[in-house]
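Scroll down for the structure; my scribbles are underneath it.
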Amino acid sequence: MTQPELFDGPALLPLAPGACVLRGFAAADAPALWACLQAEVLPQAPWRHLVTPGGYTMSVAMTNCGRVGWVSDSSGYRYDPVDPLSGQSWPGMPPALLQLAAQAAAAAGFPGFVPDACLVNHYVAGSRLSLHQDRDERDHQAPIVSVSLGLPATFLFGGLRRTDRPQRLRLDHGDVVVWGGPSRLAYHGVAPLAAGEHALLGACRVNLTFRKAL
Ligand code: MD3
Ligand code: FE
C-alpha cells in the first residue's frame, strides 16, 4: 500500500506566519489550467512587457483575467477594469482557476476567498522580478494565492522591510503558495530564471497570482 505523505513530505509546509506552501497542490489540474489560459485568456489578452513608472521595461511578461487587471505605466501602478492593449475588459476569470484558488486558500486556513483579479506572469530564461511588496490591493486582509507552472524558479521572500535578508525557496510546477496574515506585506521577488525545457509549458515558467483587489 502506498503512503505518499511519508515519502513526499507534508502537503502543507509553513513558511512564515500566515504563509504556507502546498507542494504539488495544482499538479493534477495543471494541464487543464494551462489549456484554459491558452484558450480563454491569451487570445483576448496576450502577454506584454509593462513599463515601470521609473521607465524600465519589465523582463517578465504579464497579462490578467478577472474583473480588474494589474497594470503599470509611466503614471504608476493600478488595478484597471480595462486592458490598455485592447481597450476592452479583461477576459473573465475561468471557473477552473477560481475554484483552484479558493480550494488552496481554504486548505491554508482562509475559507471564503473570492479573488477578483488574477495576474499571470510569464518568465523565460533570465527573466526576474526584483524585490517588491504587493500593496495596490484595497483589502490587505485577504491572502494572495500563487500557482507555479512550468520551469522551476527560486523565489525570494524577505520581511516587512526591504533590507530584511530574503530566504530562498524553490517553486516547482504545480506548487501553490498562500500568503496571508502578517506575511501579506512581505517583500518578495524571483531570481533570474534558469534555462530549461518543461514537458507541458516548454521553455518558460508561468505564475498565476489570485488577488482580492477591489
Ligand atoms: C508574498 N509574483 O506577481 S508569486 C507578483 O512568481 C509576484 O511571479 C511572483 O510577486 C512570481 O506580484 C511571486 C508569490 C507571491 C505573490 C504575492 C505575494 C508571494 C507573495 C504577496 C505578498 C507576499
Ligand atoms: Fe508580488
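Only the coordinates and a few stated rules stand behind these numbers; no lab work does. Treat the numbers as computed from the prediction; the structure is a model and nothing was measured. Glycine also receives a Cβ, built like all others from the backbone with ideal geometry; neighbour counts cover every protein chain displayed.
The residues Y123, Y79, when put in order of fewest to most other Cβ atoms within 10 Å, stand as Y79, Y123. Shown for W34, W179: other C-beta atoms within 10 Å of each C-beta, ranked fewest to most, produce the order W34, W179.
Computed per residue of the chain from DSSP H runs no shorter than four, each worth -39500 (n - 2.57), the mean residue ellipticity at 222 nm is -3000 deg cm²/dmol. Ranked for footprinting exposure by Cβ neighbours inside 10 Å, fewest first, F25, F110 give F110, F25. Divided by 2.2 N^0.38 Å, where N counts the residues, the Cα radius of gyration of segment 1-109 comes to 1.34.
Note that segment 168-214 carries a Kirkwood radius of 13.2 Å, evaluated over its alpha carbons pair by pair. Between the amide H of N64 and those of V120, distances stay under 5 Å, these residues lying 5 or more places away or on another chain, with hydrogens modeled in the peptide plane.
Shape index of the chain: Rg/Rh, with Rg the Cα radius of gyration and Rh the Kirkwood radius from the inverse mean 1/r over Cα pairs, equals 0.94.
Shape class of segment 108-173 from the alpha-carbon gyration tensor: oblate, with a/c at 1.5 or above and b/c at least as large as a/b.
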